[in-house]
Amino acid sequence: MSVANTEIRSLSAKKFDRPQKFLDFCHNGGRPLGGIVGGNEVTGTMNATFQTIDPGSHEVLATVCEMGAAEVDAAVRSAQAAYSNGNTGWRHTAVEEKIAVITKFVELCERDRDVLLACEIFDGGKVSELAEGDFDQIRACAEYFCEVAKRITMGDGSALEVAPGVQGYSYREPWGVVAGIIPWNYPIVLTSWFIFPALLAGNCVLIKPAEDTPLSALYMGKLAEEAGFPPGVISVLPGRGELTGQFIAEHPGVRYISFTGSPGVGQHILRTCDRHGTRMKREMGGNGSAIVLADADPIEVARKIGRYTNQHFGQTCCTIHRVFVDQAIADDFIEAQRDFFGSLKIGYQAEEGTELGAVINSTQQERILAAQRQTVSRGGQALLSGGLAEVSGKSGYYLKPALFQTTPDVDCNPAEVFHAFATICPVSNAEQALELANRSPYGLGASVWTKDIERGVNLAKQFRDGTCQINCHNQIAYGLPYGGQGISGGPGAGVNCEETFTDYTQIKAIYVSQYDA
Ligand code: NAD
């Protein structure tokens, strides 16, 4: 994702070879990679393993042990012990000491930058330009939350005289054991966004990486140990969502869950958490819209929207998949957008010049193909019809881009389609565009494209989305909330702001009356 920068980092690949250290890590001395529980690598009592593959070539990168209920329980217990440990646990560790360990951890990530880039590029199927931008988020996120942690008062707030002889004050403390359930599309970024605020607030964390991309979290887990985090402060629990993830959601010792993923899974986990009072925040999918006003340059804006839409091949939660363009410029816009998508270079993600690589797995590939068919059956007119693509010498999950023209009367694009996929709907005016954009139950990111900034801001504020943009999209900045409205997220402001830090704390009221019996 772009970080407060209207320059669009997303598209092209440099040639990238697997570094030896990455190969050694994946090989793990001939043993499957274990989870990390209480500072130890564990194979898991389920005796189950799964293979993680390169989506662009189907090559097996590593075999990984799946964590069962026993490992989740052991991770919770070791986190509870590390959290308290008498009066010397992680919750009692001074913020300066926490910052020192986190700083060391960031330095180790930078020492092994090539390994972590290889995880993103080969396990996550990402082009190098985007992987490099993602990698930079480790330091940026850590530094932002280290500053926030210095500002926010934990423990006792200032006292009020609430009644004669009665004092009251607030008391802020960490939750204790918190879990981060992470999707596959931005593993390093989303692991960083979870662990830094959670750890700095004093919690011990369980990281549940997506089954498609477990490598970066496992490698970061090893670096955390080297950085000097006490055993149990950070555990990494790879496995399938319906098993390992479900065991985490069902464990009453997990006090808080930070979930990033699809709305359906988020809703399911929320119901599970509710059964035993585990709190949860959810950052979920989107179906982003862009409104292009009549005064915009149709060709330049079509190119920019195309670049944002294709960020990580359209597998970016907040990006643009629905475009509403003023009919006065629609013909030129549509032609330019079709040219842009039609000329994307489809290829292997680690080969020079690739702009559109493979999608992450066969399920996604099938879902995207089904969505292309459904868009046509709902009345969408194919400008680029999508379908399977072939890349010479590679057997990955390749697809062609898809673009459809639609009309305002039928919603041909109701659900998130995670690919270089968009619908373009010519509209009579901005008000009609806004009404159509806001009909979606999703609400993550939206933008207005116009020379008239004041009008653009006025319209953008009316979006039912967490991130509203003018002449840019996919924007994220530390200090501003990144979260979703509607089925895209909540509760809470989102990630990357001060409220994110306080999400990882709970607050109580303390009342003290004199003993006058
Ligand atoms: P997903 O919902 O399928 O899986 C997300 C995580 O949940 C994975 O780790 C998975 O193993 C786990 N999981 C699945 N079932 C579970 C269960 N029953 N209990 C506990 N855990 C379970 O999502 P995905 O396909 O990995 O990721 C893509 C989705 O994530 C898209 O919808 C995308 O828009 C969204 N996303 C949102 C943001 C954001 O910040 N709003 C960022 C990135 C991705």
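The values are calculated or read from the model by the stated rules, or taken from the named source; none is laboratory data. Nothing here was measured: the structure is a model prediction, and the numbers come from that model. Neighbour counts are summed over all protein chains in view; Cβ atoms, including those assigned to glycine, are modelled from backbone coordinates with ideal geometry. Note: accessible area is taken over every heavy atom of the protein model, side chains too, but ligands, DNA and RNA are not part of it. Shrake-Rupley method; radii C 1.70, N 1.55, O 1.52, S 1.80 Å.
In this simple spin-label approximation, N438 and D156 carry label points 7 Å from Cα along the Cα→Cβ vector, and these lie 4.8 nm apart. The mean sequence distance of close C-alpha pairs (under 8 Å, at least 6 residues apart), as a share of the length of the chain, puts its relative contact order at 19 percent.
Is the C-alpha gyration tensor of segment 378-469 telling us rounded, prolate or oblate? Criteria: a/c under 1.5 is rounded; beyond that, a/b larger than b/c is prolate, otherwise oblate.
Taking the square roots of the gyration eigenvalues as a ≥ b ≥ c, segment 378-469 is prolate.
When E454, E96 are compared by accessible surface with a 1.4 Å probe, the order from highest to lowest is E454, E96. For the pair N87 and T63, the difference between a 0.36 nm per residue extended length and the Cα-Cα distance amounts to 4.7 nm.
What the phi angles of segment 246-252 give under the Karplus curve with 6.51, -1.76 and 1.60, with θ = phi - 60°, is a coupling list of 5, 4, 5, 4, 8, 7, x Hz, glycine and proline written as x.
Measure off, as a whole percent, the carbon and sulfur share of the 1.4 Å-probe accessible area of the chain, all protein chains present.
49
Around the amide H of I53, modelled in the peptide plane, lie the amide H atoms of L61, all under 5 Å away and 5 or more residues distant in sequence or on another chain. Summed over the residues of the chain and divided among them, the accessible surface reaches 39 Å² per residue at a probe radius of 1.4 Å. For the chain, the normalised intensity computed at q = 0.09 Å⁻¹ comes to -0.64 (log10 of I(q)/I(0), Debye sum over alpha carbons, equal scatterers, no solvent). For segment 288-470, the Kirkwood estimate of hydrodynamic radius, built from reciprocal distances between every pair of different alpha carbons, is 16.4 Å. Accessible surface comparison of R31, R275, probe 1.4 Å, protein chains only, largest first: the order is R275, R31.
Applying 1/(1 + (r/R0)^6) with r as the Cβ-Cβ distance of R31 and I453 and R0 = 51 angstrom yields a FRET efficiency of 0.30. In this simple spin-label model, placing a label point 7 Å from the Cα along the Cα-to-Cβ direction at both S513 and E129 gives a separation of 6.7 nm. The local environment of S258, defined by Cβ-Cβ distances under 14 Å, has a net charge of +2 under the rule Lys, Arg +1 and Asp, Glu -1.
Over all projection directions, the Cα-based convex hull of segment 221-286 averages an area of 5.2 nm².
Restricting the count to DSSP beta bridges whose residues both fall in the chain, what percent are antiparallel, rounded to a multiple of 5? Here the share of antiparallel DSSP bridges comes out near 40 percent.
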